[in-house]
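J.: I'd like to ask some things about the structure below.
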Amino acid sequence: MATVGEVMSTDLITVAPTATVAEAATVMGERHVGSTLVVEGDRLIGIFTERDIVRALSQDFDAPSHPVSHWMTRDPRTASSDLPVEEALDVMLEGGFRHLPVMEGDRPLGVISMRDISRVTAERPEE
């Protein structure tokens, strides 16, 4: 059984809480990712996703100039790197989200996404 640490993305994409929705969307687009971690210093304070962009734009015409801290998910659910992938999937399905920050103590290590899980599931031989 694979662990989160074996399949997560370790290329941390982060923005400050003061970054605008437009700045975060640009970073996410350039890096081809669906989320960015919102950090103050080394501390994770939230996650900002494609869904947050859509929600922001649907609720405020001027949303691109607003800080991501207004739209992010604060104190998101997280996982440890030794969590089995199947349990991470359960957490994501239960919570209705597609990205799960992976932490070591207070420090973000990476992010596991539904895409990462589907890739490892597709590679697993039939039992």
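J.: Looking only at segment 21-55, count how many residues are part of a helix (DSSP H, G or I) and either open to solvent by 20 Å² or more (accessible area, probe 1.4 Å) or among the aromatic types (F, W, Y) (or both).
T.: 13
J.: If you don't mind, another one. From the set of residues in segment 68-79 that are open to solvent by less than 50 Å² (accessible area, probe 1.4 Å) and in contact with a Leu (Cβ under 9 Å, 6 or more places away or on another chain), which is farthest from P108 (Cα to Cα)?
T.: Once the filter is applied, the top-ranked residue is P76.
J.: Does V120 fit the bill of being within 11 Å of the chain's Cα centre (by Cα) and either at pLDDT 95 or above or in a helix (DSSP H, G or I) (or both)?
T.: no
J.: Would you call I112 surrounded by 12 or more Cβ atoms within 10 Å (Cβ to Cβ) and at pLDDT below 95?
T.: It is false that I112 is surrounded by 12 or more Cβ atoms within 10 Å (Cβ to Cβ) and at pLDDT below 95.
J.: Give me the residue from segment 90-109 that is of a type in the set (A, V, I, L, M) and either part of a loop (DSSP other than H, G, I, E, B) or within 29 Å of L57 (Cβ to Cβ) (or both) and, out of that set, most open to solvent (accessible area, probe 1.4 Å).
T.: That would be L93.
J.: Considering every residue within segment 56-64, establish whether at least one is over 28 Å from A2 (Cα atoms) and touching a strand residue (DSSP E or B) at 6+ places or on another chain (Cβ under 7 Å).
T.: Within segment 56-64 (the criterion being over 28 Å from A2 (Cα atoms) and touching a strand residue (DSSP E or B) at 6+ places or on another chain (Cβ under 7 Å)), the answer is yes, since at least one residue qualifies.
J.: Got at least one residue in segment 56-67 being part of a strand (DSSP E or B), in contact (Cβ under 8 Å) with a residue 12 or more places away in the chain, open to solvent by 50 Å² or more (accessible area, probe 1.4 Å) and hydroxyl-bearing (S, T, Y)?
T.: Looking through segment 56-67, none of the residues is part of a strand (DSSP E or B), in contact (Cβ under 8 Å) with a residue 12 or more places away in the chain, open to solvent by 50 Å² or more (accessible area, probe 1.4 Å) and hydroxyl-bearing (S, T, Y).
J.: Please identify the pairs in which a residue from segment 6-26 that is without any contact (Cβ under 8 Å) to a residue 40 or more places away in the chain has its Cβ atom under 6 Å from the Cβ atom of a residue that is open to solvent by less than 70 Å² (accessible area, probe 1.4 Å) and part of a helix (DSSP H, G or I), counting only partners at least 6 apart or on another chain.
T.: That search, which allows pairs on different chains as well, returns A25/I53.
The values are calculated or read from the model by the stated rules, or taken from the named source; none is laboratory data. Keep in mind it's a predicted model, so treat the numbers as computed, not measured. Note: ideal-geometry Cβ built from the backbone for every residue, glycine included; neighbour counts use all protein chains shown. Accessible surface is based on the protein model in full, side chains and every heavy atom, while ligands, DNA and RNA are left aside. Shrake-Rupley method; radii C 1.70, N 1.55, O 1.52, S 1.80 Å.
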